[in-house]
Each structure stands twice: as C-alpha cells, then as structure tokens.
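Heads up, the thing below is written out as structure tokens.
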Amino acid sequence: MKILLINPETPDFIQIKDKNFPLSLLYLGSSLKSDGHDVKIFDADRKPVSTLENVLSSFNPQLAGVTCLFSGKIESTLYIA
C-alpha cells in the first residue's frame, strides 16, 4: 500500500523549525516500510504546502496521515486535512 505521512508547517512564532520534526512519523514510516508498504514523508517545513499537490498526484497514495505535534500547528494541520 502507498502511504503518505505529512508533517504540517510550523507557525512563524516558533523560531527553530529544525527541532520540531516529529520522530513519531519516522517511527511509523519505518514500521510501515518493514511491513512492505511504500511510504513517503512530506515535510511542509522544508517544502511549501503548494508542492503537496504535486506529491499527491505523482505518488498517488492510498492512505495519508497528518500529524499535529502541538496545538500551534492546528491551522496548517486542518488546512492540509
């Protein structure tokens, strides 16, 4: 199964975005890969959300998961969902 895991954009009031990548996505992705799934992780902190459409059309996942590390990310999480 093709699975896309998404880390939404961190809001501007958070200064250090590099430290906010959720390890849970990496753990989940690793576990899914070991079970034979095709997994891709999209990080909106490193790529603009507008490129998510390209990833969705090229990868064509059967399932997508969006994480929300803390409540400050709720707007971008809801936008992506």
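Taking amide H as placed 1.01 Å from N in the peptide plane, Ile6 has its amide H under 5 Å from the amide H of Phe42, Gly65, Val66, Thr67, each at least 5 places away in sequence or on another chain.
Take the alpha carbon gyration tensor of segment 2-54, find the square roots of its eigenvalues, order them as a ≥ b ≥ c, and report rounded if a/c is under 1.5; if not, report prolate when a/b exceeds b/c, else oblate. Numbers along the way, then the final one.
Values: a/c = 4.14, a/b = 1.60, b/c = 2.60.
In terms of gyration-tensor shape, oblate.
Ignoring the sites themselves, the chain has its longest run without chymotrypsin sites (Phe, Trp or Tyr not before Pro) in a DSSP loop having at most 14 other Cβ atoms within 10 Å at 14-69.
In the chain, the portion of solvent-accessible area held by carbon and sulfur atoms comes to 54 percent [1.4 Å probe, whole percent, DNA, RNA and ligands not counted].
About its Cα centre, the chain has a charge dipole of approximately 160 debye under the convention of +1 per Lys or Arg Cβ and -1 per Asp or Glu Cβ, with nothing else charged.
Normalised per residue, the accessible area of the chain is 65 Å², obtained with a 1.4 Å probe and no contribution from ligands, DNA or RNA.
The values are calculated or read from the model by the stated rules, or taken from the named source; none is laboratory data. Here the structure is a predicted model, which is why all the values come from computation and not from measurement. Heads up, the Cβs are rebuilt from the backbone with ideal geometry, glycines too, and the neighbour counts pull from every protein chain shown. Ligands, DNA and RNA are stripped out before the accessible areas are found, and what is left, the full protein with its side chains, is counted by its heavy atoms. Shrake-Rupley method; radii C 1.70, N 1.55, O 1.52, S 1.80 Å.
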